[in-house]
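Novice: My questions will all concern the structure given below.
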Amino acid sequence: MQGLRALAVLMVVTYHVWFGRVSGGVDVFLLISAFLLALSFLRKVESGKPLDLARHWLHQFKRLLPAVVVVILATLGATYLLVPQSRWQDIIEQAWASLFYAQNWILASNAVDYYADDHSLASPLQHFWSLSVQGQVFILWPLLFLASALLARRFQLKFRGVVLLVFGALFMGSLSFSVWETSTNQAYAYFDTRARLWEFAVGTLLALALPFIRLPRFLKVVAGWVGLAAMLSGGFLLDVQGQFPGYVALWPLLAAALVIIAGQTASPFGVDRFLSSKPLVRVGDLSYALYLWHWPVLVLALIWQDRASPGLVGGLIVIAVSLVLAYLTMRFVERPMRALAWADRRRRRAVIVLAVCVALVAAPLTGWQRGLQIEAEQIASQVDRNNPGASIFEVGYVDQADTDAPLIPAVSSASRDYANILTPCIDRFSTDAPSLQGLGCSVIVDQEDPVRTIVAVGNSHVQQWLAAMKPLAEQNNWALVALIKGGCQYVGYVEQVSEDCNERNAQATDYILDIDPDLVFTTGTYSIPEPPYELLAGGFTQGAMALMAQGVPMVAIRDNPRFDRNMMECVEEHGESAEECNVPEDEIRDMSEVSPIEQLAAATPGLATMDLNEYICSGGTCPSVIGNVRVYLDDNHLTATYAQTLSPYFYEQLIAATEW
């Protein structure tokens, strides 16, 4: 089994370092974990030993958690030294989640792209998602075995038969759910424990079936090599980019199952001879620690070198460093803690060990978070004077800011400075239109008796303007509802657009017509970082005309520029006055006399338009900082803080466009 573990972890490491693809190695790990766990509990129950779950859990996490603590602490230290401050809050949040085996839910809620080619932009703790899923299953599986044992005893049934029914049902239910969720929301499904339970169930069912599988030696040899070849090649032969963890994950699982079924062949040609070789067994001994270390070493190395991928030599160095750290962790942390008989004698001693492990991470994390909070509060106390933002464009503005005033939002929280869309559409904002699921419907401002109701619909560039619209809605007794879906601009049906986006826009149109708002707000153009720099969205005129024909007024705003660099990190690295962070407008905008938004207005009779780019790019330059406020949180999104300072200008143009 150690040889199989070794291959699984080597698949994960090499695919991450060089190929940026999913290997299926993690899925093999999940199967092996459940297989061994099932064998252990089957033996315990059938031998009449009590299922002391508390002792089991304490022993299990006493074995797993110390190495986790070492890696998290080392990663936090390297983060402080190497990672831009704008990413600290996310990593701190993920450190907490990793410590308590909840990392997968954080990543699922953030819809992280696990396949992203540029790993330097990923979290160095992102790989803890699979350990979190395993940790949750290590809690659930013993409970299911206990329930099976109680049912078997209560109804005088065979224990293995009950286990087969329980985990067979779990397999079918979880696999069906996984296939459905993968097809509808793959980014979430990848990290969803519910969509992964069936993979653990395969390992459990294999443990049940193995004693009844009898193959001749020749077939064992063939099965072993076929399974090994399939396991190693799956990541290359399958297009798993948008299909894991649905039915496609059966490939690595069934491949690993064939290897396990082959077992000990006693043949010089059997795969077991290869898997039991000393090098593989030794790597298998390191597999847990190697998995823990390889990802943070890779990500931190790429951040340090400012590279998107390590290359051949760099990748070899990453793997070598990871192996050394894995060996040291296994030698001086894992083995001593596993052999700590003192902690195994009494439960409270094991609890003390776990409490110390948690405290070793919790203490520095708490202190770090508190320090960042104090810094943000100090900056906020002087914001009215020191951080005017777009107010500098007001006639007669007098600068009273301190010369050394810090920028807002604080760099540690700037990456999260985005308009909140968390309040779901319920009660009077929920309609009989097609399902709101996937529509991203949120109530931004509710009013008991609103003068007007506005629906903001579109992608994340509509969401950023909610920060400017919210205070206006509150001041003017407007109700404001948002229909936001990242990467999906609001247009009519367009064949080139994904079916998911077309379906969402159709639902949004039905919703809008159902609640009959006084105005629909959206983006009218789409900026890109290369020529021609700004596009008219296909299908926009068609969709807008159809909506306005139903008596719904519509206003479209011109998109803000996109850059080929992260403008917030540019300030961190070079300073706000650096040339790299103040891009000439003619390098990211077509400076034609007629702007794209004016072209859109001419092509769409009745459409009102707005253009606030004069407050984003000024004097021929598109800066990263205006009025001591960070304009961008990445390479294209406005910070909520800066967008809010644009409220007065937004109001002027909105009133002029709508003639309210």
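The values are calculated or read from the model by the stated rules, or taken from the named source; none is laboratory data. From a predicted model like this one, the values you see are computed outputs, not experimental measurements. A quick note on method: Cβ atoms are made from the backbone with ideal geometry, for glycine too, and the neighbour counts reach across all protein chains shown. Heads up: the accessible areas ignore ligands, DNA and RNA and are worked out on the full protein's heavy atoms, side chains in. Shrake-Rupley method; radii C 1.70, N 1.55, O 1.52, S 1.80 Å.
Novice: For residue 295, tell me the accessible area in Å² from a 1.4 Å probe, rounded to the nearest 10.
Specialist: 0 Å²
Novice: Right, here's the next one. Name the residues of the range 125-154 whose amide N is less than 13 Å from a point 7 angstrom out from the Cα of residue 165 along the C-beta direction?
Specialist: Within reach of a label on residue 165: 148-154.
Novice: If you take the beta carbon distance between residue 269 and residue 397 as r and set R0 to 60 Å, what does 1/(1 + (r/R0)^6) give as a FRET efficiency, to the nearest 0.05?
Specialist: Working: r = 83 Å, r/R0 = 1.38.
That gives a FRET efficiency of 0.15.
Novice: How would you classify the range 273-367 from its alpha-carbon gyration tensor, with a ≥ b ≥ c the square roots of the eigenvalues: rounded for a/c under 1.5, else prolate if a/b is greater than b/c, otherwise oblate? Present the calculation step by step, with values, prior to reporting the outcome.
Specialist: Numbers: a/c = 4.03, a/b = 1.35, b/c = 2.99.
Taking the square roots of the gyration eigenvalues as a ≥ b ≥ c, the range 273-367 is oblate.
Novice: Let me ask another. From the C-alpha coordinates alone, can you work out the Kirkwood hydrodynamic radius of the range 492-651, in Å?
Specialist: Computed over Cα pairs of the range 492-651, the Kirkwood hydrodynamic radius comes out at 17.1 Å.
Novice: In deg cm²/dmol, rounded to 500, what helix-only [θ] at 222 nm does the chain give when every DSSP H run of at least 4 residues adds -39500 (n - 2.57) and the total is split over its residues?
Specialist: Values: 26 runs with 363 residues, N = 660.
Value at 222 nm, helices only, nearest 500: -17500 deg cm²/dmol.
Novice: So with the 1.4 Å probe, I'd like the accessible area per residue for the range 266-306, rounded to whole Å².
Specialist: Values: 1880 Å² over 41 residues.
Ligands and nucleic acids excluded, the result is 46 Å² per residue.
Novice: Sorted by average packing, counted as other Cβ atoms within 10 angstrom per residue and highest first, what order do 541-547, 206-212 take? Spell out each step's value before the answer.
Specialist: Details: 541-547: 18.9, 206-212: 14.7.
For the peptides 541-547, 206-212, the packing ranking is 541-547, 206-212.
Novice: Along the Cα→Cβ direction, 7 angstrom out, place labels at residue 313 and residue 422. What is the inter-label distance in nm?
Specialist: Calculated label separation equals 4.8 nm.
Novice: How large is the accessible surface per residue of the range 343-414, computed with a 1.4 Å probe and reported in Å² as a whole number?
Specialist: Details: 4190 Å² over 72 residues.
On a per-residue basis, 58 Å².
Novice: Note the full-extension length gain between residue 46 and residue 591 as 0.36 nm times their separation in residues minus their Cα-Cα distance, in nm to one decimal.
Specialist: Values: separation 545, 0.36 × 545 = 196.20 nm, distance 7.88 nm.
Full extension of this stretch gives 188.3 nm more.
Novice: Taking all protein chains in place and a 1.4 Å probe, what share, in percent, of the accessible surface of the chain do carbon and sulfur account for? Could the numbers behind the result be given before it?
Specialist: Values: 16890 of 29080 Å².
Within the chain, the accessible surface is 58 percent carbon and sulfur.
Novice: Roll a 1.4 Å probe over the protein heavy atoms and report the accessible area of residue 56 in Å², nearest 10.
Specialist: 30 Å²
Novice: Taking the Cα centroid of the range 514-573 and of the range 469-508, what is the distance between the two, rounded to the nearest whole Å?
Specialist: 10 Å
Novice: From the Cα gyration tensor of the range 170-258, with a ≥ b ≥ c the square roots of its eigenvalues, which class applies: rounded if a/c is under 1.5, or else prolate if a/b is larger than b/c, or else oblate? Before the final figure, lay out the partial values.
Specialist: Details: a/c = 3.71, a/b = 1.57, b/c = 2.37.
It is oblate, given that a/c is not under 1.5 and a/b is not larger than b/c.
Novice: Right, another one. Just for the chain, what percent of DSSP beta bridges are antiparallel, to the closest 5?
Specialist: Values: 15 of 33 bridges.
Taking every DSSP beta bridge with both residues in the chain, the antiparallel ones total about 45 percent.
Novice: Next question. About the Cα centre of the range 509-660, how large is the charge dipole given +1 on each Lys and Arg Cβ and -1 on each Asp and Glu Cβ? Please answer in debye to the nearest 20. Walk me through the numbers on the way to the answer.
Specialist: Values: 5 positive and 26 negative charges, 73 e Å.
Dipole size: approximately 360 debye.
Novice: Sorted by average packing, counted as other Cβ atoms within 10 angstrom per residue and highest first, what order do 393-399, 579-585, 502-508 take?
Specialist: On the way: 393-399: 9.1, 579-585: 16.4, 502-508: 20.1.
For the peptides 393-399, 579-585, 502-508, the packing ranking is 502-508, 579-585, 393-399.
Novice: Leaving ligands, DNA and RNA out of it, work out the accessible area of residue 285 with a 1.4 Å probe and give it in Å² to the nearest 10.
Specialist: In the full protein context, residue 285 sits at about 60 Å².
Novice: Continuing with this model, one more query. Suppose we keep just the DSSP beta bridges with both residues in the range 432-514; what percent of those would be antiparallel, to 5? Each step should come with its number before you reach the end.
Specialist: Working: 4 of 11 bridges.
Once the DSSP bridges in the range 432-514 are tallied, antiparallel ones form about 35 percent.
Novice: While we're here: Please compute the Kirkwood hydrodynamic radius over the range 90-195, one decimal place, Å, based on all pairs of different Cα atoms. Please list the in-between numbers first.
Specialist: Working: mean 1/r = 0.0643 Å⁻¹.
Evaluated on the range 90-195, it is 15.5 Å.
Novice: Checking the a/c ratio against 1.5 first, then a/b against b/c, what shape does the Cα gyration tensor give for the range 209-300?
Specialist: Oblate, since a/c reaches 1.5 and b/c is not below a/b.
Novice: Pop the C-beta distance of residue 374 and residue 214 into the FRET formula with R0 = 51 Å and round what comes out to the nearest 0.05.
Specialist: Numbers: r = 68 Å, r/R0 = 1.33.
So, using R0 = 51 Å, E works out to roughly 0.15.
Novice: The list (i) 1.17; (ii) 1.10; (iii) 0.95 gives values of Cα Rg over 2.2 N^0.38 Å, and only one came from this structure; which label was calculated from it?
Specialist: For Cα Rg over 2.2 N^0.38 Å, the calculated option is (ii).
Novice: Counting heavy atoms of the protein chains only and a 1.4 Å probe, report the per residue accessible area for the range 2-92 as a whole number of Å². Write down the numbers at each step before the final one.
Specialist: Values: 3000 Å² over 91 residues.
On a per-residue basis, 33 Å².
Novice: Right, next: Where in the chain are the DSSP H helices whose C-alpha atoms run 27 Å or more along the long axis and whose mean Kyte hydropathy is at least -0.5? Walk me through the numbers before you get to the answer.
Specialist: Values: long enough: 25-46 (32 Å, 1.57); 53-82 (42 Å, 1.11); 128-154 (39 Å, 1.15); 159-184 (37 Å, 1.24); 217-237 (30 Å, 1.38); 278-305 (35 Å, 0.83); 347-380 (48 Å, 0.74).
Span-like helices, by this rule, are 25-46, 53-82, 128-154, 159-184, 217-237, 278-305, 347-380.
Novice: So for the chain, taking the charge dipole from beta-carbon charges (+1 Lys/Arg, -1 Asp/Glu), which of 245, 531, 603 sits furthest toward the positive end?
Specialist: The one lying farthest along the dipole's positive direction is 245.
Novice: May I pose another question? Sort out for me the Cα centre separation of the range 178-213 from the range 617-651, rounded to whole Å.
Specialist: Here the answer is 46 Å between Cα centres.
Novice: Work out how much length residue 513 to residue 578 would gain on full extension: take 0.36 nm times their residue separation and subtract the Cα-Cα distance, in nm to one decimal. Could the numbers behind the result be given before it?
Specialist: Details: separation 65, 0.36 × 65 = 23.40 nm, distance 4.83 nm.
Fully extending the segment from residue 513 to residue 578 adds 18.6 nm.
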